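Okay, so here's the structure we're looking at.
The values are calculated or read from the model by the stated rules, or taken from the named source; none is laboratory data. From a predicted model like this one, the values you see are computed outputs, not experimental measurements. As a convention, Cβ positions derive from the backbone with ideal geometry for all residues, glycine included, and neighbour counts pool all protein chains shown. What goes into the accessible areas is simple: the full protein's heavy atoms, side chains included, and nothing from ligands, DNA or RNA. Shrake-Rupley method; radii C 1.70, N 1.55, O 1.52, S 1.80 Å.
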Amino acid sequence: RVIEEKLPAIRSEEEKVRFERQKAWCCSTLPEPAICGISRIWVFSMMRRKKIASRMIECLRSNFIYGSYLSKEEIAFSDPTPDGKLFATQYCGTGQFLVYNFINGQNST
């Protein structure tokens, strides 16, 4: 899970977006279960902010398991880009969305 950091006093939405794109982010070391991991979502830059990625995830959530609908808490995102982090935060309604990586999931022998 992403560890949410408190934002400094920011006046405009543009300043908030600029701050979010520039800051580093950290994740909890405690694993949490997820049913589905999203590796990548790519939308052409000129078509972003038109709910295309949100509609793709809604389709995934309603069709991933027959007869079931995944909650937003059952989805994990791969290491997101700054824009991806903004998307996941907005889509999940929290800055503490689930993320995954392949390194921690491998068993060492």
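Quick rundown of the values:
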{"item": "Sites Cys26 and Ser71, calculated FRET efficiency, Cβ-Cβ separation with R0 30 Å, nearest 0.05", "result": "0.80"}
{"item": "Label-point gap, in nm, between Glu4 and Val43 - each point 7 angstrom along Cα→Cβ", "result": "2.2"}
{"item": "Aspartates and glutamates with Cα under 16 Å of Lys51, excluding same-chain neighbours fewer than 8 positions away", "result": "Asp83"}
{"item": "Heavy-atom accessible area ranking, 1.4 Å probe, most first, across Ile35, Ile57, Ile52", "result": "Ile35, Ile52, Ile57"}
{"item": "Heavy atoms of Met47 accessible to a 1.4 Å probe, total area in Å² rounded to 10", "result": "80"}
{"item": "Heavy-atom accessible area order for Arg55, Arg18, Arg61, largest first, 1.4 Å probe", "result": "Arg55, Arg18, Arg61"}
{"item": "Inverse mean reciprocal Cα-Cα distance (Kirkwood Rh) of the stretch 45-97, Å", "result": "11.9"}
{"item": "Using a Förster distance of 22 Å, the FRET efficiency for Phe64-Gln96 (Cβ separation, nearest 0.05)", "result": "0.50"}
